[in-house]
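Bear in mind these aren't lab numbers, they're just calculated from the coordinates by the rules spelled out. It should be emphasised that the depicted structure is a prediction, and the values quoted were computed from it without experimental measurement. Positions of Cβ are backbone-derived with ideal geometry, glycine not excepted, and every protein chain shown enters the neighbour counts.
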Protein chains: 2
Amino acid sequence: MSLFLIRPATKDDCKDIVRLIKEMAENKRMPNGPRVDEEALQKDGFEKKPFYYCFVAELNKEELNSGIVGYVLYFFSYSTWEGRSIDVQDLYVSLQYRGRGIGSALQKRMAQEGIQNGCCRLNFTMLKQDMSSVQFYKEQGVIDLTETEGWDIFCLKKDDLFRLVEK
Amino acid sequence: MSLFLIRPATKDDCKDIVRLIKEMAENKRMPNGPRVDEEALQKDGFEKKPFYYCFVAELNKEELNSGIVGYVLYFFSYSTWEGRSIDVQDLYVSLQYRGRGIGSALQKRMAQEGIQNGCCRLNFTMLKQDMSSVQFYKEQGVIDLTETEGWDIFCLKKDDLFRLVEK
């Protein structure tokens with residue numbers, strides 16, 4: 001019997017997801033990074049229009065300290081060239097539960113979700129300074145589109161959005 | 001009176017949007033680039049779960065050759081750090097109708113849409129080889145996150161998704 005279960009997140013899981021987001025931020029030594037709280041996660045994922053989707057990894061009840069120990073948060077994007085894509089925002093497994101295949105299972109679930117939704121590919125962004133992760137994913141066949149094709153990510157921050165509207 | 005109108009796209013507009021996508025691809029000398037046809041656009045944007053949203057620029061009826069002459073295609077993304085974002089995939093105005101403020105109006109509509117949906121920012125990707133566009137957007141206050149923070153775009157293509165599922 002598998003020691004864990006991957007299932008779609010529910011509104012009640014948001015508290016645990018926020019706990020894991022904070023844990024991830026602390027691991028990255030950016031404890032003040034996440035500005036998304038439980039209420040925002042509930043509103044953005046489980047009301048009228050979902051802005052994201054999520055799967056959680058839950059330990060089986062037989063195990064002590066059972067609960068949610070990992071998550072993958074994603075959304076869908078679209079290209080007029082190729083159609084639907086699945087975009088993975090975060091994939092995280094709590095440090096003490098690594099090495100059990102939970103991360104791989106979440107990753108596999110994303111691939112299934114992409115295929116079931118007719119996606120042509122799975123996208124994600126990563127800091128190129130994060131050399132060990134970049135290396136890990138490249139070994140899995142992941143392509144760095146910035147390196148190979150020259151795609152950069154651009155953004156306009158909130159203040160500039162307001163300025164644009166007022167023009 | 002304004003010479004054009006910006007309005008949400010309807011299912012019936014997909015034929016015109018495909019025409020503009022093809023025109024854009026021809027301008028870029030990539031006529032075989034777009035693999036999305038009218039049927040796919042209808043299905044992906046106007047059935048159960050929308051994979052994208054779109055606004056079109058329509059010339060007023062008083063003008064000869066009236067019709068749809070521009071579009072902006074977008075979707076929403078999500079960050080556990082900052083929450084909701086609006087992501088612009090394409091913003092295109094037919095060559096012969098440029099210089100009338102249609103592109104700026106579509107851009108402004110995106111800023112409004114982002115603000116109305118509580119987004120913290122507007123994202124898009126661009127080929128860094130496209131120097132004139134990069135320069136144009138930078139002058140507008142757009143930040144190149146690949147250049148300034150080191151974010152690269154990674155992807156796993158369809159074959160690799162299937163391989164991952166079968167593992």
Shape category assigned to the stretch A:121-167 from the gyration tensor of Cα positions, a/c cut at 1.5:
prolate
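How high is the relative contact order of the stretch A:25-167, given as a whole-number percent (alpha carbon pairs under 8 Å, six or more residues apart)?
Working: 139 pairs, mean separation 19.5, N = 143.
Over the stretch A:25-167, the number comes to 14 percent.
Counting only C-alpha contacts under 8 Å and six or more residues apart, can you give the relative contact order of the stretch A:32-92 as a whole percent?
Working: 75 pairs, mean separation 13.5, N = 61.
It comes to 22 percent, rounded to a whole number.
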At 222 nm, what value in deg cm²/dmol follows for chain B if DSSP H runs of at least 4 each add -39500 (n - 2.57) and the sum is divided by all its residues, to the nearest 500?
-11000 deg cm²/dmol
Starting from 0.36 nm per residue, how many nanometres of slack lie between B:THR10 and B:THR148 once their C-alpha separation is accounted for?
45.9 nm
Taking a crude spin-label model, label points 7 Å out from Cα along the C-beta direction, the B:SER104 to A:LEU3 distance in nm is 6.2
Given a cut-off of under 8 Å on Cα pairs at least six residues apart, what relative contact order in percent is computed for the stretch A:84-128?
61
What net charge do the residues around B:PHE46 carry, taking every other residue with its C-beta under 10 Å from that of B:PHE46, with Lys and Arg at +1 and Asp and Glu at -1?
-1
Can you list the aspartates and glutamates whose alpha carbon sits under 19 Å from that of B:LYS108, skipping same-chain ones fewer than 8 residues off?
A:ASP159, A:ASP160, A:GLU166, B:GLU58, B:ASP87, B:ASP90, B:GLU139
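Quick check: from the Cα gyration tensor, does the stretch A:1-80 come out rounded (a/c under 1.5), prolate or oblate? Could you put the intermediate results ahead of the total?
Numbers: a/c = 1.76, a/b = 1.26, b/c = 1.40.
In terms of gyration-tensor shape, oblate.
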Rounded to one decimal in nm, the spacing of the 7 Å Cα→Cβ label points at A:ASN60 and A:LEU127 is 3.8
When a/c reaches 1.5 or more, the comparison of a/b and b/c decides; with that in mind, is the stretch A:37-125 rounded, prolate or oblate per its Cα gyration tensor?
oblate
Approximate spin-label separation A:LEU95-B:GLU47, in nm, with each point projected 7 Å along Cα-to-Cβ:
4.7
Would you mind counting up the charge near B:ALA25? Only other residues with Cβ under 14 Å from its Cβ, with Lys and Arg at +1 and Asp and Glu at -1.
0
